[in-house]
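The values are calculated or read from the model by the stated rules, or taken from the named source; none is laboratory data. Since the structure is predicted, the reported quantities are computational estimates derived from the model, not experimental observations. All Cβ positions, glycine included, derive from the backbone under ideal geometry; neighbour counts span all protein chains shown.
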Amino acid sequence: MSEDVLTVALVDSDFDDSDLERAVVEGLGLRFVDARFTSDRRAILHSAVGAIVQYESVDRTFLDAAPRLTAVGTYGVGTDHIDVSLAESRGVQVLCVQDYCTQEVADHTLALVLAALRGVVPLDAVVHAGHWPPSGEVGNLRVLADCTYAIVGFGKIGQAVAKRVSGFGGRVRAYDPFISREKCAALGVTSVSLEEAFESDIVSLHLPLTEETRQIVGDSLLARLPEGALLVNVSRGDVVDQDALAAAIAAGRISAALDVLGSEPPLVGQIEALGSTTIVTPHAAWFSRNAEQRVRESAASAVALHVRDHLKDRKGA
């Protein structure tokens, strides 16, 4: 097999172009094909040695259609749309991108929290509707320094959030079975159980979506939240039972600020079910122009380098 026939295919993405990916792949001496807008998708997949996906399900059907595949890369950390065990059993390396949007997600988390605590969204709507309410009618505005803040999932993003919350004077606790109490303490954070985390005034979720975390936040954990608590989700929509969350919000017990939903784009009626007071952003927490460039170049580079190294290994065998 000669290097000039090795193809890396961009299978799907919602980016406007594929210029960054093309530059990286071709810069490493491989052929790049944007398969998003072509009628030859089947032929492209059949010949592809590497693939880049964003939302595409990499399942048995996909892998059967790509018999020469040696690597599949995805934009971001999550691989819940990829059957990793099946791919690896077929010799396909699954590659994801770490550390491309830590600061963006941490900033967005605090933006959601502060907007909720300070009533930014409803007050803005009132003023734009032509009203200027007196101070006594602006609602129950709160201060972050008065809150106990729990971080569920204390990886790099969770730790970046902790630094920000501490800067506002909030009392920070964290749940993460993979982070030691000593590490938490060194960062000025109290390590707690998952149940204890949900006894906080604010809980933000920073979890990967796995079989263990799917709908981990359901009726029982939501019931532990104190009256008036705020739940923030910037991880994956399906770590939360969407029906249970909608019911808790409708009951007036808690509020929520969400960057992710169980279905994206939302199903008909899904936003209405969350209530008019719920803040929702369209899975934008990760985004900045720099983060976009980092994730696109990193995904393309990871796949192309694996393909190139795989070829070298075969030649050296």
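For the stretch 152-173, a tally of residues being aliphatic (A, V, I, L, M) and out of contact with any Phe, Trp or Tyr (no Cβ under 8 Å at 6 or more places or on another chain) returns 3. In the set A304, A284, only one residue is at pLDDT 95 or above, within 28 Å of E104 (Cβ to Cβ) and touching a His at 6+ places or on another chain (Cβ under 9 Å); that residue is A284. Screening S255, S301 for residues that are among the hydroxyl-bearing types (S, T, Y), touching a helix residue (DSSP H, G or I) at 6+ places or on another chain (Cβ under 9 Å) and over 24 Å from L10 (Cβ atoms) leaves exactly one candidate, S255.
Those residues that are β-branched (V, I, T), in contact with a strand residue (DSSP E or B) (Cβ under 9 Å, 6 or more places away or on another chain) and over 20 Å from L207 (Cα atoms), I need them from the stretch 220-272; list them, please. Of everything in the stretch 220-272, those that are β-branched (V, I, T), in contact with a strand residue (DSSP E or B) (Cβ under 9 Å, 6 or more places away or on another chain) and over 20 Å from L207 (Cα atoms) turn out to be I249, I254, I271. I'd like to know if the stretch 69-76 contains one or more residues that are touching a Lys or Arg at 6+ places or on another chain (Cβ under 9 Å), surrounded by 18 or more Cβ atoms within 10 Å (Cβ to Cβ), within 26 Å of E264 (Cα to Cα) and not assigned by TED's automatic domain parsing to the domain that holds E211. Yes, because at least one residue in the stretch 69-76 is touching a Lys or Arg at 6+ places or on another chain (Cβ under 9 Å), surrounded by 18 or more Cβ atoms within 10 Å (Cβ to Cβ), within 26 Å of E264 (Cα to Cα) and not assigned by TED's automatic domain parsing to the domain that holds E211.
Every condition in (1) out of contact with any Asp or Glu (no Cβ under 9 Å at 6 or more places or on another chain); (2) touching a residue at least 40 places away in the same chain (Cβ under 8 Å); (3) acidic (D, E) is met by E227 except one, and the failing one is (2). Of all residues in the stretch 179-194, those satisfying the criterion of being surrounded by 14 or more Cβ atoms within 10 Å (Cβ to Cβ), in a helix (DSSP H, G or I) and out of contact with any Leu (no Cβ under 8 Å at 6 or more places or on another chain) are K183, C184. Within this structure, G275 passes the test of being in a loop (DSSP other than H, G, I, E, B) and loosely packed, with under 15 Cβ neighbours inside 10 Å. Of all residues in the stretch 165-179, one or more are of a type in the set (S, T, Y) and within 16 Å of V113 (Cβ to Cβ).
Within the stretch 195-231, the only residue that satisfies the criterion of being surrounded by fewer than 16 Cβ atoms within 10 Å (Cβ to Cβ) and either aliphatic (A, V, I, L, M) or part of a strand (DSSP E or B) (or both) is A223. If you go through the stretch 1-12 and keep only what is at pLDDT 90 or above and either surrounded by fewer than 11 Cβ atoms within 10 Å (Cβ to Cβ) or under 28 Å from K312 (Cβ atoms) (or both), you end up with L6, T7, V8, A9, L10, V11.
When residues in the stretch 278-317 are screened for being touching a residue at least 24 places away in the same chain (Cβ under 8 Å) and either in contact with a Ser or Thr (Cβ under 6 Å, 6 or more places away or on another chain) or among the hydrophobic types (A, V, I, L, M, F, W, C) (or both), 16 of them pass. Counting only residues that are outside any loop (DSSP other than H, G, I, E, B) and not hydroxyl-bearing (S, T, Y), the stretch 143-178 holds 21 of them.
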